[in-house]
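Enquirer: I'd like to ask you about the structure that follows.
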Amino acid sequence: TLFRSVSPNFAFFPGSSITLRGNPEFAATYQKWLLAHPSRGGGFIASWDIAMWARLEQSDQVGNGLALFVSHGPGLNLHNQGANQSDASFGFTAAVAEALVQSHAGEISLLPALPAGWEDGSVTGLRARGEYDVSMRWKGGKLLSADLHGLKGGAVKLRYGQKTSTVTLKPGETMHLNADLVAAR
C-alpha cells in the first residue's frame with residue numbers, strides 16, 4: 001500500500017518537514033493510518049513503523065513494535081530470518097535511537113518515546129543534529145540526568161516531555177543537566 005512505501009512518509013521520518021508539534025493534523029493522519037494497518041512481523045516495514053511511532057511519541061506502540069520485531073525479525077546473524085535484509089536491521093537501530101533522542105524539529109528531545117519495560121537504563125554517545133552527543137540516565141521511566149557535548153557549540157533548545165530549556169555550549173564543552181534540564185556544572 002502507499003504508506004508502506006518510503007516516499008509518502010519521508011517528510012515525517014526521516015525528514016523533518018512534517019513534525020508532531022508543527023503539523024499536528026498530518027501527524028494525526030499518520031497515527032490513524034498506522035493504527036489501521038499494524039505491522040505483522042519483522043523486516044523493514046516493522047523497523048519503519050517503530051520509527052514512525054517514536055516520532056509520534058507513542059511509547060506503548062514503540063514497545064509493541066520492538067517486541068514484534070525481536071520476535072519475528074532478527075536471525076542468528078542479526079539480519080532477518082531467511083533473508084539478508086540489512087535495511088531492517090539498520091532501520092531497527094535507527095528506530096531505537098529515535099525512541100531515545102530526537103533532533104529533527106529544531107530541538108533535542110530526550111526520551112520522547114521510552115517504551116514500557118525500559119524503566120531503568122542509560123545510553124551514551126547518541127548523536128543529535130547540530131553535532132551534539134547525548135548521554136542519559138533514567139530510572140522509573142523518568143530522566144535522571146543528561147550530558148550534552150557540543151562539538152561546534154552554540155545555543156540549543158532541549159525538551160523533556162513538556163519541559164523545554166535553551167542552553168549554550170562552547171565548542172567542545174560538555175554540560176551536565178538534571179531532569180529539569182538545568183545545567184549542573
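Enquirer: Among residues belonging to segment 8-18 that are out of contact with any Phe, Trp or Tyr (no Cβ under 8 Å at 6 or more places or on another chain) and touching a residue at least 24 places away in the same chain (Cβ under 8 Å), point out the one that is farthest from GLY91 (Cα to Cα).
Expert: Selected residue: SER16.
Enquirer: Right, another one. Looking only at segment 152-163, which residues are touching a residue at least 24 places away in the same chain (Cβ under 8 Å) and within 12 Å of GLY106 (Cα to Cα)?
Expert: VAL156, LYS157, LEU158, ARG159
Enquirer: Right, next: If you take the residues of segment 7-24 that are in a helix (DSSP H, G or I) and modelled with pLDDT under 85, which of them is surrounded by the most Cβ atoms within 10 Å (Cβ to Cβ)?
Expert: Once the filter is applied, the top-ranked residue is ASN9.
Enquirer: Here's another thing I want to ask about it. Condition check: open to solvent by 20 Å² or more (accessible area, probe 1.4 Å), over 16 Å from ASP180 (Cα atoms), within 10 Å of the chain's Cα centre (by Cα) and not aromatic (Phe, Trp, Tyr). Does ALA97 satisfy that?
Expert: Spelling it out, ALA97 is indeed open to solvent by 20 Å² or more (accessible area, probe 1.4 Å), over 16 Å from ASP180 (Cα atoms), within 10 Å of the chain's Cα centre (by Cα) and not aromatic (Phe, Trp, Tyr).
Enquirer: Continuing with this model, one more query. So for segment 109-132 (the condition being surrounded by 14 or more Cβ atoms within 10 Å (Cβ to Cβ), among the acidic types (Asp, Glu) and modelled with pLDDT of 95 or more), does at least one residue qualify?
Expert: No, segment 109-132 contains no residue that is surrounded by 14 or more Cβ atoms within 10 Å (Cβ to Cβ), among the acidic types (Asp, Glu) and modelled with pLDDT of 95 or more.
Enquirer: In addition: So which residues in segment 164-175 are open to solvent by 50 Å² or more (accessible area, probe 1.4 Å) and either farther than 18 Å from SER103 by Cα or in contact (Cβ under 8 Å) with a residue 60 or more places away in the chain (or both), if there are any at all?
Expert: Within segment 164-175, LYS170, PRO171 meet the criteria.
Enquirer: Ok, one more. In the list ALA27, ALA51, which residue meets the criterion of being at pLDDT 90 or above, open to solvent by less than 70 Å² (accessible area, probe 1.4 Å) and either in contact with a helix residue (DSSP H, G or I) (Cβ under 8 Å, 6 or more places away or on another chain) or part of a helix (DSSP H, G or I) (or both)?
Expert: Testing whether each residue is at pLDDT 90 or above, open to solvent by less than 70 Å² (accessible area, probe 1.4 Å) and either in contact with a helix residue (DSSP H, G or I) (Cβ under 8 Å, 6 or more places away or on another chain) or part of a helix (DSSP H, G or I) (or both) leaves just ALA51.
The values are calculated or read from the model by the stated rules, or taken from the named source; none is laboratory data. The structure presented is a predicted model; accordingly, all values stated were derived computationally and were not measured. Because the Cβ atoms are built from the backbone with ideal geometry, glycine has one as well, and the counts that use them run over all protein chains shown. Accessible surface areas use protein heavy atoms only, side chains included; no ligands, DNA or RNA. Shrake-Rupley method; radii C 1.70, N 1.55, O 1.52, S 1.80 Å.
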